[in-house]
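The structure under discussion appears below in the form of structure tokens.
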Amino acid sequence: MLNRRTIRIKIMQSLFAYQQCKEADLLLAHDYLEQHFSPDLNSMEVQDKEKLRAQKKSALQFFDKKMKKSDAESVDPVIAKRVEEAIALYHQAIKKDQIFLGKNILIDAEKLASLYHSVIALMVALADQAATDKKTDNKNFLQHPWIISWRENETLNKSIRAEHSGWETRTDKVRAWFREVVKEDEMYQSFIAEKTPSEESQKEFIKHLSRKIILGKTVINDYFDEQNIRWTEDKDIIKSMVDKTIKSYDHGKTTLQKLSLNWDEDKEFINKLFNAAIELDPQYRELIAKNTRNWEVDRLALTDRVIIEMAIAEMIHFPNIPVKVTINEYIELSKDYSTPKSRTFINGILDVISKSMKESGALKKSGRGLLDNK
């Protein structure tokens, strides 16, 4: 099931992508200026290359100063106009990226349900391939009660059809996987050799099929990895959902897992935190700089910067989440996604900043333990 830590990871990944988009958009704005102050190769008129070169240099310098909001000397009106156009194009581009990436987090999260259904469907599809194998008695797999319950589950089948997460168009792959991976597996050979498998034996086999054969170190797992760039993070969620589905089996029925207990609430959390981190007030970036040995915020490792800014945004905009919980969550993220020293660094920075924000009244939390960051 999708939990808040997983959601934070997906938001962090999109914020990282957003920062990279900003750098690319900045280069495009530079390109815009360079094109306007480069010789027109199609013109029949004589081009003053020296003048254009000087204008280009002046325009780029003026642009950079305007972007940094530092004092800039007045320039030729033509240059000033082009710079304003370049700045407008830059802001349009990053806003477009913000909207796209924000929507993409939701799409990416919703794909988890499709992946979960796809793994269940693959186990059924492998059993279907076993039915075509005339050389081996695969009866125990074909008549496996979990497989039968999934094959007959109309809710599951409806979801698979709607998401196109079935395996009908990938029969060749399933056939090869059954022949080269499943049939060669020792536990599979032992299972089909049993005369009358017990329910416990059936349960252990289906768990093995999902955990070790499909989601283990096999070509099947490699296939999912190739199809999904987030598979490393997503796989643990899928594995947990499948495990719970297997465990839920009772007298021919299994309970399908939901992606979220309250998807509307999770979507609101995603949208709010993602946009709040992007639109974080500049005063907090200055606060970060003051507590990083006066380093420029842009000099911090990008992942560390994203994690710190997310944590500050969460502390400000989610009054029901205790400060201690927020800090601990982002320390955990830094363990998996940043440098070895980041955990201590981020812990120290967030502790100091949260105290400063508490003193200034920026943290508006109520309830016992919500402000405690000890």
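Quick one: dipole size for the chain, taken about the Cα centre, charges +1 on Lys/Arg Cβ and -1 on Asp/Glu Cβ, in debye to the nearest 20. Write out the running numbers ahead of the final one.
Working: 61 positive and 59 negative charges, 171 e Å.
Using Cβ point charges on Lys, Arg, Asp and Glu, the chain gives about 820 debye.
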Would you list THR132, THR255 from fewest to most Cβ contacts within 10 Å? THR132, THR255
Given charges at Cβ of Lys, Arg, Asp, Glu: the chain dipole, positive-most of LEU60, GLY102, ILE192: ILE192
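Fewest Cβ neighbours within 10 Å first, please rank LEU261, LEU101 accordingly.
Working: LEU261 10, LEU101 20.
Ascending number of Cβ neighbours within 10 Å: LEU261, LEU101.
Explain nothing, just the number: dipole magnitude of the range 4-103 about its Cα centre with +1 on each Lys and Arg Cβ and -1 on each Asp and Glu Cβ, in debye rounded to the nearest 20. All intermediate terms of the calculation are to be shown ahead of the outcome.
Values: 19 positive and 15 negative charges, 197 e Å.
Taking the Cα centre of the range 4-103 as origin, the dipole is about 940 debye.
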Along the charge dipole of the range 111-247, Cβ charges K/R +1 and D/E -1, which of ASN140, ASN153, GLN202 sits furthest on the positive end? ASN153
Please express the Cα-Cα pair-distance distribution P(r) of the chain as a list of whole percents, one per 20 Å bin, running from 0 to the bin with the greatest distance. 23, 39, 28, 9, 1
Need the list of lysines near LYS66 for cross-linking: C-alpha distance under 18 angstrom, and skip anything on the same chain fewer than eight residues off. LYS22, LYS56, LYS57, LYS81
Quick one: of LYS10/LYS364; LYS10/LYS247; LYS139/LYS239; LYS49/LYS95; LYS49/LYS69, which pairs are farther than 32 Å apart, Cα to Cα? LYS49/LYS95
With each run of n ≥ 4 DSSP H residues scored as -39500 (n - 2.57), what mean residue ellipticity at 222 nm is computed for the chain after dividing by its residue count and rounding to the nearest 500 deg cm²/dmol? -22500 deg cm²/dmol
Compute log10 of I(q)/I(0) for the range 281-360 with the Debye formula, placing one identical point scatterer on every Cα and leaving out solvent, at q = 0.20 Å⁻¹, to two decimals. -0.84
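Could you work out the mean projected area of the convex hull around the alpha carbons of the range 154-212, in square nanometres to one decimal?
5.3
Nearest 20 debye, what's the magnitude of the dipole of the range 170-229 about its Cα centre given +1 on Lys and Arg Cβ and -1 on Asp and Glu Cβ? Working shown, then result.
Details: 11 positive and 12 negative charges, 27 e Å.
For this selection, approximately 120 debye.
Rule-based calculations on the coordinates, nothing more; no lab input. Computed from a prediction, not measured in an experiment: that's the story for all the values here. As a convention, Cβ positions derive from the backbone with ideal geometry for all residues, glycine included, and neighbour counts pool all protein chains shown.
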